[in-house]
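The numbers here are math on the coordinates, done by the rules we state, and not lab data. Not measured: the values here are computed from a predicted model. No Cβ is skipped: glycine too gets one built from the backbone with ideal geometry, and neighbour counts run over all protein chains shown.
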Amino acid sequence: MPITDEQRQQYRMTDDLMALLEVVPSDVQAALKQINRGDELLEIVLDLGRKPEARFTDGEVTLSEAEVSDDDIDYVVQRIGEFTDDNRAGIERTLHRISAIRNRQGRVVGLTCRVGRAVYGTIDIIQDVIESGQNILLLGRPGVGKTTLLREAARVLAEKKRVVVVDTSNEIAGDGDIPHPGIGRARRMQVATPMLQHEVMIEAVENHMPEVIIIDEIGRELEAEAARTIAERGVQLVGTAHGGSLNNLLMNPTLCDLVGGIDSVTLSDEEARRRGTQKTVLERKSPPTFDVLVEIQYRWKMTMHHNVTQAVDAFLRGQRVPGDVRYRAATGHLHIEKESVKKQKPADGVEVAASPDIEIERQSRATVRVYPYGISQNRLRQAASSLQVPVELVDDVRKANVLMTLKSYYRKRVQPIADAESSGVPVYVLRSNTAVQMQSSLADIFDLSAQDVDPFATAMREAHEAISKVLDGARAVELSPQSAAVRRHQHEMARQYHLVSHSRGREPRRRVRIYQG
């Protein structure tokens, strides 16, 4: 996910994009230079017999009308490093990654050229935990920014400790024998083949006396066992794994041992009565390898479980220990909130934790009755819900505490508006029929401070809710109109969940629509 202009002032980003452009065919290079959106470029896709494409944060762009030829594929292959067993290659002393698609004879027929970026300063959102000496697991879906955070963690920790990076696909420290400066003073050990990653992890501990081991993408049982061995030897371990939440990790038979694993236990009749449960229950099998679990929703927002043991035990009892939700607003300010957990009852009657919501504690407020004239009632409800303020919509201006309308209607002084003003009911005039405008008015009505209203966080929350609806079966969900910068973040979030999104309408009502591919 790209950083905003405000965040760009706080963070320093380097991607050496020219090194990647120099290895692609000249027509593709020229098209990308003409588009001039390097900061938003994610990948260049070259598939044999198809038109070359560039994937940006807000969609895809065709780079040429000419189809990709064998010569184009060979042009790239000859200018990059050799492909390893996982069909990945790189460009020396950069973080760019080129992944190959081969035919049945082993010939390369497709390339995905992914832009690698080192973003300095992003680790500050969890730097206090990273520097605590605890074992930390970063959990997230592909492309969410786990490796970027891991690289920055290596750089920060290496300023005070001996750090070794086990770099399986050269994604953390780049291609070639000289590691990218993004890992700072940390040392890097390359892995000949992904199947040997666990052996290199143990070798790093036995041969090089590290205080910290950094490992990306723990995905096999042998790697999980190696991680436990490292943790038991007193070496701090910071690693990543694929998954959306602690629940996903516990249901993964290969990786659940990272957080203690699950075992079925048969209780005695007396113990079952004392607990009020069935005789066969699920319990944690062993102490977790990792002390802290960080669930990454996107690069600037994550949920942190500071005590994995407690969180796992609670989950197995049908409960949930709320974590800390940390997110960085578009202004660059860091917000830390306590996760709010709602309960739901499944068919068997056992109470379990539902999906978490972010809840900002507020003092109880009296319900405000709003008469909406010429504005979207659904968006007004949505705005009230996002701010967590009590609003009741009424259909009679005489019952209203306030009237909310658009500037065009207010200028005409239609009868309901005239009635409201004559009876002393305040009239709030919106510039446009958007949830953001409604939030601004509601903030004035309820006298919310600036920190209570974060349009960026609200927009991203709306996108997350829409994604959940689409994943649950909704055909498509359209979001509220937003600025171009916010839309880019919403497109990126949809892409992380492998959904399709497009922008619709004209400014200032241009908005994102999310749907299944």
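Note the per residue figure in Å³ for the convex hull of the C-alpha positions in the range 121-358.
Working: hull volume 31.9 nm³, N = 238.
Looking at the range 121-358, the number lands at 134 Å³ per residue.
Using the Cα atoms of the range 368-445, I'd like the radius of gyration and the largest Cα-Cα distance, Dmax, both in angstrom.
My reading of the Cα-based Rg and Dmax gives 11.3, 32 Å.
What dipole magnitude, in Debye to the nearest 20, does the range 5-118 give about its Cα centre under +1 on Lys/Arg Cβ and -1 on Asp/Glu Cβ?
Details: 16 positive and 23 negative charges, 58 e Å.
Computed about the Cα centre, the dipole is about 280 debye.
Let's test the formula: R0 of 22 Å, r as the Cβ-Cβ distance of E67 and R220. What FRET efficiency results, to the nearest 0.05?
Details: r = 38 Å, r/R0 = 1.74.
Computed FRET efficiency for E67 and R220 comes out at 0.05.
Once Rh for the chain is found with the Kirkwood sum over Cα pairs, what is the Stokes-Einstein diffusion coefficient at 25 °C and 0.890 mPa s, in µm²/s?
Working: Rh = 25.7 Å.
Approximately 95 µm²/s, per Stokes-Einstein.
Please work out how much length the chain gains when fully extended from E199 to N378, using 0.36 nm per residue of separation minus the C-alpha to C-alpha distance, in nm with one decimal.
Values: separation 179, 0.36 × 179 = 64.44 nm, distance 5.65 nm.
Working it through step by step, the gained length comes to 58.8 nm.
Any idea what diffusion coefficient the range 377-503 gets from Stokes-Einstein, in µm²/s, Kirkwood Rh on alpha carbon pairs, 25 °C, 0.890 mPa s?
Working: Rh = 16.2 Å.
After rounding, the answer is 152 µm²/s.
Hey, what do the phi angles of the range 183-200 turn into as Karplus ³J(HN,Hα) couplings, whole Hz, using 6.51/-1.76/1.60 and θ = phi - 60°, x for Gly and Pro?
Calculated HN-Hα couplings, in order: 9, x, 8, 5, 8, 10, 10, 7, 10, 5, 8, x, 5, 9, 4, 5, 5, 5 Hz.
If you place +1 on the Cβ of every Lys and Arg and -1 on the Cβ of every Asp and Glu, how big does the dipole about the Cα centre of the range 121-358 come out, in debye to the nearest 20? Mind dumping the intermediate values first?
On the way: 29 positive and 34 negative charges, 138 e Å.
The dipole magnitude comes to about 660 debye.
Can you tell me the relative contact order of the chain? Whole percent, Cα pairs under 8 Å, sequence separation 6 or more. Numbers along the way, then the final one.
On the way: 1010 pairs, mean separation 51.9, N = 517.
Normalised by residue count, the contact order of the chain is 10 percent.
Relative to the longest principal axis of the C-alpha atoms of the chain, give the angle of the C-alpha long axis of helix 377-387, reported between 0 and 90° and rounded to the nearest 10°.
60
Taking a threshold of 23 Å on the Cα-Cα distance, which of the pairs K301/K338; K146/K301; K160/K285 fall above it? List each step's numbers first, then the result.
Working: K301/K338 13 Å; K146/K301 12 Å; K160/K285 35 Å.
In this structure, K160/K285 lie more than 23 Å apart at Cα.
Considering the options G234, S268, P210, tell which one lies farthest towards the positive end of the dipole of the range 121-358, charges being +1 on Lys and Arg and -1 on Asp and Glu at the Cβ, about the Cα centre.
About the Cα centre, the residue reaching furthest to the positive side is S268.
What is the mean projected area of the alpha carbon convex hull for the range 30-139, to one decimal in square nanometres?
On the way: hull surface 39.0 nm².
About 9.7 nm², averaged over all directions.
Per-residue HN-Hα couplings for the range 413-422, Karplus 6.51 cos²θ - 1.76 cosθ + 1.60 at θ = phi - 60°, whole Hz, x for Gly and Pro?
Once rounded to whole Hz, the list reads 6, 5, 4, x, 5, 4, 5, 5, 5, 5.
Given C-alpha coordinates of the range 118-232, what is the ratio Rg to Rh with the Kirkwood estimate of Rh? Working shown, then result.
Details: Rg = 13.0 Å, Rh = 14.2 Å.
Rounded to two decimals, Rg over Rh is 0.92.
Would you mind giving the average projected area, over all directions, of the Cα convex hull of the range 262-328 in nm² with one decimal? Display every interim value, and only then the final one.
Details: hull surface 20.9 nm².
Quarter of the Cα hull surface area: 5.2 nm².
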